[in-house]
1. Would you mind stating whether Ile712 is at pLDDT 95 or above, closer than 28 Å to Ile559 by Cα and within 16 Å of ligand 1 (Cβ to nearest atom)?
2. Could you tell me how many of the residues in segment 319-338 are assigned to a loop (DSSP other than H, G, I, E, B) and either within 22 Å of Val239 (Cα to Cα) or among the basic types (Lys, Arg) (or both)?
3. Would you tally the residues in segment 560-594 being outside any helix (DSSP H, G or I) and within 16 Å of ligand 2 (Cβ to nearest atom)?
4. Given the structure, is Phe604 over 38 Å from the mean Cα position of the chain (by Cα) and either under 23 Å from Ala457 (Cα atoms) or in a helix (DSSP H, G or I) (or both)?
5. Among the residues of segment 97-129, count how many are touching a Gly at 6+ places or on another chain (Cβ under 9 Å) and at pLDDT 95 or above.
6. Is at least one residue of segment 847-855 within 13 Å of ligand 1 (Cβ to nearest atom), in contact (Cβ under 8 Å) with a residue 24 or more places away in the chain, more than 18 Å from the chain's Cα centre (by Cα) and under 27 Å from Ala350 (Cα atoms)?
7. Got a number for residues in segment 649-681 being closer than 27 Å to Glu732 by Cβ and in contact with a Lys or Arg (Cβ under 9 Å, 6 or more places away or on another chain)?
8. What helices (runs of 4 or more DSSP H) completely inside segment 783-881 contain at least 1 residues that are under 24 Å from Phe523 (Cα atoms) and of a type in the set (Lys, Arg)?
Amino acid sequence: MSNKYVYLFEEGNASMKNLLGGKGANLAEMTTLGLPVPRGFTITTEACTRYYEDGKAITNDIVDEIYNTLAITEKAVGKTFGDPTNPFLISVRSGARASMPGMMDTILNLGLNDKVVEGLAKLTGNPRFAYDSYRRFIQMFSDVVMDVEKPKFEKILDEVKHEKGAKFDTDLSANDLKEIVLKYKAMYLKEKGSEFPQDPKEQLIEAIKAVFRSWDNPRAIFYRRMNDIPYDWGTAVNVQEMVYGNMGDDSGTGVAFTRNPSTGEKKLYGEFLMNAQGEDVVAGIRTPQTMDKMVEVNAAAFKLFNEIATKLENHYKDMQDLEFTIEKGKLFILQTRNGKRTAAAALKVAVDLVSEGMITKHEALLKVDPKQLDALLHPTFEPKALKKGKVIAKGLPASPGAATGKIYFNAADAIKAYADGELKVILVRLETSPEDIEGMNVSQGILTGRGGMTSHAAVVARGMGTCCIAGCSEITINEHEKYFLDKNGKKYCECDFISLDGSTGNVYGLTLPTEEATLTGEFATIMQWADEARVLKIRANADSPKDAAVARKFGAEGIGLCRTEHMFFETDRIFAFRQMIVATDETKRREALAKILPMQRQDFEGLFHEMKGFPVTIRLLDPPLHEFLPQEDADITKLSKEIGMTFDELKHFINDLHEINPMMGHRGCRLAVSYPEIAEMQTTAIIEAALNVGKEGNTVVPEIMIPLVCDIKELKFVKNIIVKTADKIIAESGVKLEYKVGTMIEIPRAALTADDIATEAEFFSFGTNDLTQMTYGLSRDDAGRILEDYYKNKIFEADPTARLDIVGVGRLIKIATDLGRKTRPDIKLGICGEHGGDPSSIEFCHNAGLSYVSCSPFRVPIARLAAAHAAVKGEGDVGQR
Ligand code: PEP
Ligand code: MG
């Protein structure tokens, strides 16, 4: 850490973002470029970190540095803090390394007090302006710094307006505003027990502390978690001379983008309001004018603004978002930053900047956030309607998209409604299980009360591309009586309408109109550039030919995981599968397996067919068997009749299968150890399918994957079954067929003994869902609820089930990678947990030297771009055109 905590704008530059924050660094850069920026200085992000280290206090050394820099600024400006004859008035604004719009606090007009306000009135000859500024300052300072809530002041303002018959704030006279100031101060005294602070230096230090504090407010914490911004970055604070847009009709303020942030069109886009301060534009009291009208108001300022906007865009080589103020005809730039934009605009701007010769293709790739692409792939709500919708609860944004429809509380009701012609079905469940799959399949959206980002509902919905909100503990679900209560206690019954935003986790208590996704030409261009840049291959997790087709459409280069258990969800298949589970001896089990075999073979043929020569990894059966059996008495009765058992026998059987902790129970390769005939049947289906599709002229090299291995002997045991079965079929066919046998690494012991494991495994696929669960000892189905307290107490900043924990789980992956390669240098390494679609996890996979990542089909484009980002960043090379 440096010992300098305060920088004048002229001492910094754009490369000092980490220290000065984005806003501070850009103010410094613009000052150096000679643009009309009001003077000021920045208190660094390191000062913020120290504030927290020092027990939420600004120590004397930093206070002294602030005062010294203030004195230099006063001299440069020719004004003095607290001097009624020539007062220096300032704004105090937050500015973190990454932009966090609206998340932290700002204080304007600081430096005003009872004496200065009078001086300002005299100096400007505009007492109305002076008292309006003072009342705004008292309100803002009290609210932001002293925790006296804004509505208390707004009530006073409304009362005086009412009394005076004033419609707008601008209808109030200087005397009215004086009266308001007195009332505001009285309110402050009543609330705080002391007079409103009159010493500007005290105001300044308190304001800086408040901005530091706002780094830690709940909305900032949430925003950081959503955007992967670390807590220890801290925020900088910018102190800047005030300029006024509310000094009369020759003054004004506005915000403009150098390109349209919704569409990316290259045209100045924005609005301004004359005789106003920034907050008036936001408050919408008067309607702002569009930028093209500015030429009529002040042609010279408009011309200058255009020149500056172009200069800044060329300088930063990106679309800029500028804030400006005109004070008595003179233009000032208060901020510039790379503008936030929609996904469609991001693509267009990136591609346009390349054709304009401003940036390279690699630089263009880095301008599109991979996560943003999601919005282009799924339907979304109409933005206007969404703004009006009231959020009735919030859960985890488990699978993106927008769903609106009637609610049903079990899969059977959802299926029935769909069969009766109801196309907009939303399934609301406490949690889902494989039994619900058909209901999930007919639903537009899925809402669960429990479960985390890798719970059954989340994983399956993402695979299907269906919108899903999981772990929504703010609602109380009564599945039995078919209703739920929202966070305010309002009741929603079967067939009531709700809407789900799977990208934010917001639940709305009404229908909202949706818009279909459209993929523009720029999307294909960016994807092509990404494919040229990336090293990692991208595969998809797909369980059916339909999913595989979607995956191919999005550019998947193979299947990294086919969860074979997902192939039994359909009604006609689940019966045979259940028959297999309840078989009391091997003969009966083999009878049931014989029925399943053709179904599996047909599916695998479909997968091989869709993937046309790309690799396909098929995993042997993994989940605990009891997940497939009914739990309700009525369903047990039905099944017992179908399979010729008594109710009691079947119920007894199901109870017997019940496990205390099924995630660590009889699942994965343990099933194949107990019932080798299941692995035999699945191998037969895979090999026969490969031979059949091979006959059509396609090269098929099936990769058979053994799940949940923890020991080499266990792997060897199951591999033997596979090899014996496969080799026999291949020999009988008389055709040559290559196949591979590999394993998932999802138990820490497997990672730690990966050198042994690699003697048998021809490939490793890291199942980071289970590997995370087992490494943390944290159930993936319960993590959502538990983690809330961990975020609150700053123990965790991110959800390790969604974003790979590089420190612990990542270390296990590194160990396994190194050990695996030691035994088998050409071992193929991939990842197929949900992290395979998460950009920061993909960057880790690239750096760890894995061969591929595999993710749900809808995440494939995101993964392609994220892999390109990792490659470009890794090379430190952004020069390729
Ligand atoms: C995993 O554990 O990461 C994995 C892909 O397997 P599943 O989610 O099916 O347990
Ligand atoms: Mg797993």
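1. No.
2. Number satisfying all stated conditions: 1.
3. 4
4. Numbers: over 38 Å from the mean Cα position of the chain (by Cα): no; either under 23 Å from Ala457 (Cα atoms) or in a helix (DSSP H, G or I) (or both): yes.
Here the answer is no, as Phe604 does not meet what is asked.
5. Residues meeting the conditions: 4.
6. So far as segment 847-855 goes, yes, one or more of its residues are within 13 Å of ligand 1 (Cβ to nearest atom), in contact (Cβ under 8 Å) with a residue 24 or more places away in the chain, more than 18 Å from the chain's Cα centre (by Cα) and under 27 Å from Ala350 (Cα atoms).
7. Restricting attention to segment 649-681, the residues satisfying the condition of being closer than 27 Å to Glu732 by Cβ are 669, 671-673, 675-681.
Of the ones still in play, those that are also in contact with a Lys or Arg (Cβ under 9 Å, 6 or more places away or on another chain) are 675, 677-678, 680-681.
Total meeting the criteria: 5.
8. 860-875
The values are calculated or read from the model by the stated rules, or taken from the named source; none is laboratory data. If you're wondering where the values come from, they're calculated on a predicted model, not measured in any experiment. Don't worry about glycine lacking a Cβ; one is built from the backbone with ideal geometry, like all the others, and counts go over all protein chains shown.
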